[in-house]
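Here the structure comes first, spelled out in C-alpha cells, and everything after it is commentary.
Computed from the coordinates by the stated procedures, all read-outs in this text should not be read as laboratory data. Everything numeric in this text was worked out from a predicted model, so none of it was measured. For neighbour counting, all protein chains shown are included, and Cβ atoms are generated from backbone atoms with ideal geometry for every residue, glycine included.
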Amino acid sequence: MTVETIVSFIIILGLLIFVHELGHFLVAKRAGVGVLKFSLGFGRRLFGFRWGETEYLISAIPLGGYVKMVGEDPREVVVDATGQAFDTAGQPLDRQKSFAHKSVWVRMAIVLAGPGANFLLAVLLFWGVFALVGRPVFPPVAGKPEPDSPAAVAGLRPGDRIEAVMGGRVGTWEEIEAAFQASRGNPVTLRVGRDGVHRDLTVTPRRKIFTDLLGDEREVWSIGVGPFISTAVGRVMEGFPAAQVGLKVGDRIVAVDGERVETWEDLARRIHTRPGQEIALTVERGGTRFPVALIPKASVQQDAGGQTVTVGLIGISPVEGFVYERIDPVTALVDAGARTMVTSVKILYVLVKMVEGAVSPRTIGGPILMAQMTGEQAQQGLLNLIFFTALLSINLGILNLLPIPILDGGHLAFFGIELLRGRPISVKKREVAQRVGLVLLVGLMIFAFYNDIFRLLGRP
C-alpha cells in the first residue's frame, strides 16, 4: 500500500469513529449522563487529556472507539442498605448522572445516537456534494446497442445523444430508462442528435425478466442499450491480471487483439469471452500507446437470465461516466436523505441474502480491503472519496445496529426486552450474552482478515 492509501484510510476511519462516538457523547451529555472517557481506539492509552469530568483519549487499537459513562456497567455500581449507590472505588455515585438510573427510553436514545450520527454524516456528505457540485447522473448518450436489439434495429449508434423522448426533453439517462419502463412495450419516438444532425428514431422496448446478482427476478422494458461508458480504466484490483501487468487508473484501452474498441461494453465482451486465453491489449497512457499481453482469469457467474456461465476477468472497472446536475439546496437535502435511505435498504438486503446463502460470505471485506478501496477512491478524486466515505458511514451505522450483544444493536435488544418484561435482564445473563457477542464479532473480524489476505494473494 502507498503512503497516500494509508493516510487516507486513517483519516476516513478516524472520522467515522469520531462521529459515531460523538453521537453517543452529545446525547448522553444532553440527557445529563456523566461521561468519564471518550476514546478513539481501544486498548492501551497512547495519549490524551482531561477536560472537566471527561478524559479524551487516543488508544492503541484503531478499529473502533468507546464512550464510558457514569454507571454504565452494572458491575461497577454498588448499592448499600440505605440505597446509596457507590462506584467500585467507594465514591458516591450521583444517580442524576448515572446511565443505569436513566429511563429505558433515554438509554435507548443514547445508544441509537451513535449509528444515527453515522447516517446523519452520510446525509450531510451527500448534501454537500449535491448542493455545491451537483447530483451525479448519466448523460443521455447511448452506448453500443446489443446485436438485433430494438436500438440496433432502429439505427441507434454509440455516442448518439438522445435529446427527447415522445417529444419531451430529457437530460439524463435515468429519465430515458423511466420512459422505456412506462411504455410497457409500446413504440417510443426518440429525438437523436448525431454529428450536428437531428433525426427521429422509433424503438419498441422488449420485455425482459432480469435476474440480478442476488438472484432476484424483475421485469424490465429495454431497447438493448445502456449509457455510454468509455474504455478508460477507473479501478485496478489487486491480484488480478491487469494489476500484474502494470495497468493503471487513467489508462485507456483502445484495442483488443488489434481490433478497435469504442465503448466499455465492447471491451468487456471481448474479455469475458476469453477466459484462460491470452489476449493483447493496446493501451494509451499520456498520449503514448503500447501493447500489453495477459490472460483473463476464469470466473463462474450468473448471467442476466440466471444461467451459470464462465467469463474472463482481468480486474478493472471503468471511470464512472457521470456528469453533475446542479440542483437547489432544498432538493439536494431531500435527495441526500433519499440516497442514504436507499443505500441503507440495499445494504440490509444484501445482508439478508448473505444469510440466505444467495451472496457468498467471501464478499465480506476487512480493514485491508477498506484501506485499498479508500486509496483507490482517493486516486480518483475528492468527490469519489466523499461518496465512498458516506457509504462506509452507512455501513458502520448498520453494522452497529445488528442485534449482536456488545454492539449498539445488542444493547437496544436488551432495552427492548426490559420494556416488555418491566425489569432489566440480570447482569449474569447480559455478561454471558456479551461473551457470545464478542466471540461472534472476533470471528467475523478474523474471517474478514482471511478474505483480505486471500485477495492479496490473488485468490478473490
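Roughly speaking, what % of Cα-Cα pairs in the chain are separated by over 31 Å, rounded to a whole number? Don't skip to the end; give the middle numbers.
Numbers: 57715 of 105570 pairs.
The proportion of pairs with Cα distances above 31 Å equals 55 percent.
Using label points projected 7 Å from each Cα along Cα→Cβ, tell me how many nm separate residue 105 and residue 10, to one decimal.
Going from the residue 105 label point to the residue 10 one covers 4.5 nm.
For the stretch 150-222, what is the Kirkwood hydrodynamic radius in Å, using each pair of distinct C-alpha atoms? Present the calculation step by step, with values, prior to reporting the outcome.
On the way: mean 1/r = 0.0766 Å⁻¹.
With all distinct Cα pairs of the stretch 150-222 included, I get 13.1 Å.
Non-local amide H neighbours of residue 37 (under 5 Å, H modeled in plane, Pro and chain starts lacking H): which ones?
55, 68
Normalised by the residues of the chain, what does the relative contact order come to in percent, with Cα pairs under 8 Å and at least six apart?
Details: 833 pairs, mean separation 71.4, N = 460.
RCO, the chain: 16 percent.
Place a point 7 Å from the Cα of residue 440 along the Cα-to-Cβ direction; which residues of the stretch 376-418 have their backbone N under 18 Å from it?
396-418, by backbone N distance to the label point.
Assigning unit charges at the beta carbon (Lys, Arg +1; Asp, Glu -1) and nothing else, what dipole magnitude in debye, to the nearest 20, does the stretch 233-318 show about its Cα centre?
Values: 10 positive and 10 negative charges, 38 e Å.
Charge dipole, the stretch 233-318, about its Cα centre: 180 debye, nearest 20.
Going by how many other Cβ atoms sit within 10 Å of their own, how do 133, 170 line up, fewest first? Mind dumping the intermediate values first?
Values: 133 15, 170 20.
By the 10 Å Cβ count, ascending: 133, 170.
Obtain the nm distance between the two label points defined at residue 323 and residue 148 by a simple spin-label model: each point lies 7 Å from its Cα along the Cα-to-C-beta direction.
3.5
List every residue whose amide H lies under 5 Å from the amide H of residue 71, counting only residues 5 or more places away in sequence or on a different chain, with H placed 1.01 Å from N in the peptide plane.
It is 99, by chain and number.
Would you kindly state the longest site-free stretch of the chain, with sites defined as GluC sites (Glu not before Pro) in a DSSP loop (not H, G, I, E, B) surrounded by at most 12 other Cβ atoms within 10 Å?
54-277
Which whole-Hz ³J(HN,Hα) couplings does the stretch 284-289 yield from phi under the Karplus relation 6.51 cos²θ - 1.76 cosθ + 1.60, θ = phi - 60°, glycine and proline marked x?
10, 9, x, x, 10, 10
Can you compute 3J(HN,Hα) from phi for each residue in the stretch 23-35, using the Karplus curve 6.51 cos²θ - 1.76 cosθ + 1.60 with θ = phi - 60°, rounded to whole Hz and x for Gly and Pro?
After applying 6.51 cos²θ - 1.76 cosθ + 1.60, I find x, 4, 4, 5, 6, 4, 4, 4, 7, x, 8, x, 10 Hz.
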